[in-house]
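Questions regarding the structure given below will be posed in turn.
The values are calculated or read from the model by the stated rules, or taken from the named source; none is laboratory data. These numbers come from a predicted model, not from an experiment. Positions of Cβ are generated from backbone atoms using ideal geometry, with glycine treated the same way; all protein chains shown enter the neighbour counts.
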Amino acid sequence: MRATLYILACVWLAGCAPADEVAKPPHTASDQPDVQKIAATYRTLRAMTKEPVFVDPGLAMLCRGASQTEVEAARKVSGPHAHTAVSIFMNDNAAGAFGKPNATYPVGSIIVKEKEALGYQSTTQPRERAKANDGVGGMIKRPPGYDPAHGDWEYFYFEDANKVESGKMNSCIQYHSGAAGKDYVFGGWAGGG
């Protein structure tokens, strides 16, 4: 009888743990951001760039911004046709972590980079831009265990929001490994490297 009372008391006390000691339920698939929904609505996220930021197309493919010195060097090699503009969007989770030293992005963080390749319509009007080859890339911080070797980020890319490629995309993983010390997030377009 005493043993039963002891066990019941232990169970009852365990259920009365302070709120900060109660284990949080694991993230479920239903509370995780959906890539298809993000593709359709990413422009409703917080705009982190006031206007598109111009970068060299080669550097834009690396998923990071370029410094003014790099842009000027690219212009010398590739001429005025070497420009791509990017606009960056983040949800509140990501925006709250962005720019903080040694930031670790919380699960559910969403970062989206909208690319706009800019060309020139004619040689007689070199300042007249023509929009071409748009693409949108992004990353979503998934729960621990998704891809621990690469920060648990899921990557996605699309040119048509109805045809989104997503997952552990090797090209994205390779490039973002250069920012492993910043939780795999570049920020050169914001002056943050």
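Does TYR146 fit the bill of being surrounded by fewer than 19 Cβ atoms within 10 Å (Cβ to Cβ), modelled with pLDDT of 90 or more, of a type in the set (Ser, Thr, Tyr) and touching a strand residue (DSSP E or B) at 6+ places or on another chain (Cβ under 7 Å)?
yes
Find the residue count for the stretch 82-113, including only residues that are assigned to a strand (DSSP E or B) and touching a residue at least 60 places away in the same chain (Cβ under 8 Å).
Going through the stretch 82-113 one residue at a time, the tally reaches 5.
Something else now. LYS141 passes all but one of (1) touching a Lys or Arg at 6+ places or on another chain (Cβ under 8 Å); (2) surrounded by 17 or more Cβ atoms within 10 Å (Cβ to Cβ); which number fails?
(1)
For the stretch 159-174, does any single residue satisfy the condition of being in a strand (DSSP E or B), surrounded by 13 or more Cβ atoms within 10 Å (Cβ to Cβ), at pLDDT 90 or above and basic (Lys, Arg)?
Scanning the stretch 159-174, I find no residue that is in a strand (DSSP E or B), surrounded by 13 or more Cβ atoms within 10 Å (Cβ to Cβ), at pLDDT 90 or above and basic (Lys, Arg), so the answer is no.
Going residue by residue through the stretch 85-98, is there one that turns out to be among the β-branched types (Val, Ile, Thr), at pLDDT 90 or above and crowded, with 16+ Cβ neighbours inside 10 Å?
Checked against the condition, which is being among the β-branched types (Val, Ile, Thr), at pLDDT 90 or above and crowded, with 16+ Cβ neighbours inside 10 Å, the stretch 85-98 yields at least one hit.
Okay, next question. VAL136 - would you say it is surrounded by 16 or more Cβ atoms within 10 Å (Cβ to Cβ), part of a strand (DSSP E or B) and either modelled with pLDDT of 85 or more or touching a strand residue (DSSP E or B) at 6+ places or on another chain (Cβ under 8 Å) (or both)?
yes
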